[in-house]
1. Determine whether the stretch 2-21 contains at least one residue that is at pLDDT 95 or above, out of contact with any Phe, Trp or Tyr (no Cβ under 9 Å at 6 or more places or on another chain), among the small types (Gly, Ala, Ser) and closer than 29 Å to Glu124 by Cα.
2. When the stretch 252-294 is examined, which residues are found to be in contact (Cβ under 8 Å) with a residue 24 or more places away in the chain, of a type in the set (S, T, N, Q) and either over 14 Å from Val226 (Cβ atoms) or not assigned by TED's automatic domain parsing to the domain that holds Ala63 (or both)?
3. When the stretch 233-260 is examined, which residues are found to be in a loop (DSSP other than H, G, I, E, B) and either more than 23 Å from Val2 (Cα to Cα) or over 16 Å from the mean Cα position of the chain (by Cα) (or both)?
4. Looking at the stretch 174-182, can you tell me whether even one residue there is surrounded by fewer than 21 Cβ atoms within 10 Å (Cβ to Cβ), closer than 21 Å to Val248 by Cα and not assigned by TED's automatic domain parsing to the domain that holds Ser236?
5. Look at the stretch 140-171 and say how many of its residues are among the β-branched types (Val, Ile, Thr) and not in a helix (DSSP H, G or I).
6. Given the structure, is Ser263 modelled with pLDDT of 95 or more, surrounded by fewer than 19 Cβ atoms within 10 Å (Cβ to Cβ), of a type in the set (Gly, Ala, Ser) and more than 15 Å from the chain's Cα centre (by Cα)?
7. Determine which single condition Val115 fails, assuming it passes every other condition in (1) more than 17 Å from the chain's Cα centre (by Cα); (2) without any contact (Cβ under 8 Å) to a residue 60 or more places away in the chain.
8. Within the stretch 138-161, work out how many residues are surrounded by fewer than 17 Cβ atoms within 10 Å (Cβ to Cβ) and under 20 Å from the mean Cα position of the chain (by Cα).
Amino acid sequence: MVAYLFAGQGSQYVGMGKDLYAAFPASRQIFDKADSVLGFSLSKLCFEGPQEELKKTNNSQPAILTMSIAALEAFKTVINHKSEVISFAAGLSLGEYTALVATGALNFEDAVNLVRQRGQFMEEEAVLHPGKMLSLIGLDLTVVKQICIDAGAEIANINCPGQTVISGGPTEIARAEELAKEKAAKMAVVLEVSGAFHSSFMRGASWKLAAEIDKIKINLPSIPVVSNVTARPFASVAEIKENLVKQVYSNVLWEDSMKFVLSKGVTNFIEFGPGKVLRGLLRRIDAAAQVQNIEKKEDVEGACG
């Protein structure tokens, strides 16, 4: 059994997708569609940068979604749909939208425009309510929860055993960093993001996003997509809409999501998009899991071997 995984924000880099665009007409079509929908050359931004522009939330989100779908479409052309049956799909935060596109729940054009708006709404809230995110490695979740209580921060992502991300105001995150070091965290790293994502700081963004989600058609996915909010497959279109709104300010339950998929007998995973973040997380959740990355031309060509 196989599951598809889709990359989240932070995995972007200048040059991503350029070789796919040159080598595969199916990938080129996806980038060209994104450029047309957004009204500017997202492809040029992906291929040439500058990095400062690419990492902006309202740019990185459509860029990662586009590159990930371009990788998927290239992959589909070389395997000729003769691969094993895909049992589940999931994506980390932003990647959940990509998973919904991949499974037919969201139209690509609608999705790329929606995540552009999502990124803009998140940036706007970050200006109104400045905050930061802190990655903690080597601490038990119960310890992290106590740190959040003591510092006034919030858990944002539960990624894998020993890796949690928290959100909060600058003062609260600074205090959480101190407490984490006192608790002998292996690492406590302030992330290079513009706001306190997946926390109550993003409530305003969720309200704006809800209005945009109501404007587009959403279908039930062709295969189960595991929700970041519940760590279970979406059961209805109404739940998809509700959880996409909640996801902006809720915990990302990635560890629980992967444990659910693994519990269903999935042993092989294919990660689409820039970077290998999800591969690293999955190996810490289950060292026996097999993960193939589809990111570059050679990855796609190797898939048909």
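The values are calculated or read from the model by the stated rules, or taken from the named source; none is laboratory data. Remember, predicted model here, so these are calculated numbers, not experimental data. Neighbour counts are summed over all protein chains in view; Cβ atoms, including those assigned to glycine, are modelled from backbone coordinates with ideal geometry.
1. Taking every residue of the stretch 2-21 in turn, none turns out to be at pLDDT 95 or above, out of contact with any Phe, Trp or Tyr (no Cβ under 9 Å at 6 or more places or on another chain), among the small types (Gly, Ala, Ser) and closer than 29 Å to Glu124 by Cα.
2. The answer is Thr267, Asn268, Gln292.
3. Passing the criteria: Phe234, Ala235, Ser236, Val248, Tyr249, Ser250, Asn251.
4. Looking for residues that are surrounded by fewer than 21 Cβ atoms within 10 Å (Cβ to Cβ), closer than 21 Å to Val248 by Cα and not assigned by TED's automatic domain parsing to the domain that holds Ser236, one finds none in the stretch 174-182, hence no.
5. Final tally of qualifying residues: 5.
6. yes
7. All conditions pass for Val115, except number (1).
8. 1
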